[in-house]
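Asks: Here it is, the structure in full.
Values in this text are rule-based calculations from the coordinates and carry no lab data. Computed from a predicted structure; not experimentally measured. Cβ: placed from backbone, ideal geometry, glycine included. Neighbour counts: every protein chain shown.
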Amino acid sequence: VLAVPVLFKQALKNTEMEEGKSVSLRCELTKADATVVWKKGEATLQASAKYEMKQKGTVAELVIHNTEPEDA
């Protein structure tokens, strides 16, 4: 049995945000509840007070709280 790869139906879009605010980044996948890993460069982001990861069905979301210029 061949596994069907998970693809992006809707990729991330560039978003501008005011420093100190929260921003939500969303993507949509072709398979519900697929494992999503959020990265910044080579570093894998972990859930914390700053990074909130949500996933419902095919939609994965990363919320970055208290944004800073380093979050670009």
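Asks: So who's got an amide H within less than 5 Å of the one on Trp38, skipping anything under 5 residues away but keeping other chains? H placed 1.01 Å off N, in plane.
Replies: Leu45
Asks: For the chain, what number of Lys pairs, 8 or more residues apart or on separate chains, have alpha-carbon atoms under 16 Å from each other?
Replies: For the chain, the number of qualifying lysine pairs is 10.
Asks: OK, next. Name the residue, out of Thr58, Thr44, Thr30, whose mean-square fluctuation peaks in a Gaussian network model built on the chain with Cα pairs under 10 Å.
Replies: Taking springs between Cα atoms under 10 Å, the residue moving most is Thr44.
Asks: Let me ask you something else. Placing unit charges on C-beta atoms (Lys and Arg positive, Asp and Glu negative, everything else neutral), compute the dipole magnitude of the chain about its Cα centre in debye, rounded to 20.
Replies: Approximately 400 debye in magnitude.
Asks: Please sort by residue number the trypsin sites (Lys or Arg not before Pro) in the chain whose DSSP state is loop and whose Cβ has at most 10 other Cβ atoms within 10 Å.
Replies: On the way: sites: Lys9, Lys13, Lys21, Arg26, Lys31, Lys39, Lys40, Lys50, Lys54, Lys56; in loops: Lys13, Lys21, Lys31, Lys50.
Counting only loop positions with at most 10 other Cβ atoms within 10 Å, the trypsin sites (Lys or Arg not before Pro) in the chain are Lys13, Lys21.
Asks: Taking the Cβ of Lys40 as the center, what net charge do the other residues with Cβ under 14 Å away carry, scoring Lys and Arg +1 and Asp and Glu -1?
Replies: For residues surrounding Lys40, the net value is -2.
Asks: Given DSSP loops and a limit of at most 11 other Cβ atoms within 10 Å, what is the longest stretch of the chain that contains no such GluC sites (Glu not before Pro)? Let's see the in-between values first.
Replies: Details: sites that count: Glu16, Glu18, Glu19, Glu42.
Value returned for the longest uninterrupted segment is 43-72.
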